[in-house]
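Before any comments, here is the structure.
FYI, it's all coordinate maths here, none of it is from the lab. All values reported here derive from a predicted model rather than from experimental measurement. Methodologically, a virtual Cβ is constructed for each residue, glycine included, from the backbone with ideal geometry; neighbour enumeration extends over all protein chains shown.
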Amino acid sequence: MNKPVIKLLGILYLLLGVTAVSASAAPFPQSDDPVSIPPPDSVTIASTLQPQLGCSGEWNTTCEESQLSYNPEWDLWVATFNLTAGDYEYKAALNGTWADNYGLNAEYYGPNIPLSVPEDGPVMFWYDHKTRWVSDSVNSLVANVSGDFQDEVGCSGDWQPDC
């Protein structure tokens, strides 16, 4: 074979390999239309911090004291818990079971999310069902950018810092 053909075959094999890897590394159950995936009935922060919230134990997917509430204005599941300083781990468990859960980097059945609370006080948690992202106010910064594009991304109008 000549060199251009060998080079072309190498590129094709590389592309096929990348396609196979990306198809097998889906972050959450796939659908042709992600919007059609039904929202959960509940989202629980199942974790090592649950006993201090009043739950009967750690990693309890049905504990109401560690559940998030849906905020339609933000289109997020959110809750703020007062925590003592310390190191914890958590995941988002949907619908009161481990059958649908998300961990670090929105990974389906992913690793636990580490949380190191530097001092006693409130920590906000949130879950975005569109992206499956679960995080907290210690590990992540939530920034909002207002502008003349906001009505195109789902806000009721432009220049709305609360959207």
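What is the dipole size for region 38-136, taken about its Cα centre, with +1 at each Lys and Arg Cβ and -1 at each Asp and Glu Cβ, in debye to the nearest 20?
The calculation lands at about 220 debye.
First obtain the Kirkwood hydrodynamic radius of region 110-154 from its Cα pairs, then insert it into the Stokes-Einstein equation at 20 °C and 1.002 mPa s, and state the resulting D in µm² per second as a whole number. Walk me through the numbers before you get to the answer.
Numbers: Rh = 13.1 Å.
Calculated translational D: 164 µm²/s.
Per residue and in cubic angstrom, what volume does the convex hull of the Cα atoms of region 38-136 have? Numbers along the way, then the final one.
Values: hull volume 8.6 nm³, N = 99.
Here the figure is 87 Å³ per residue.
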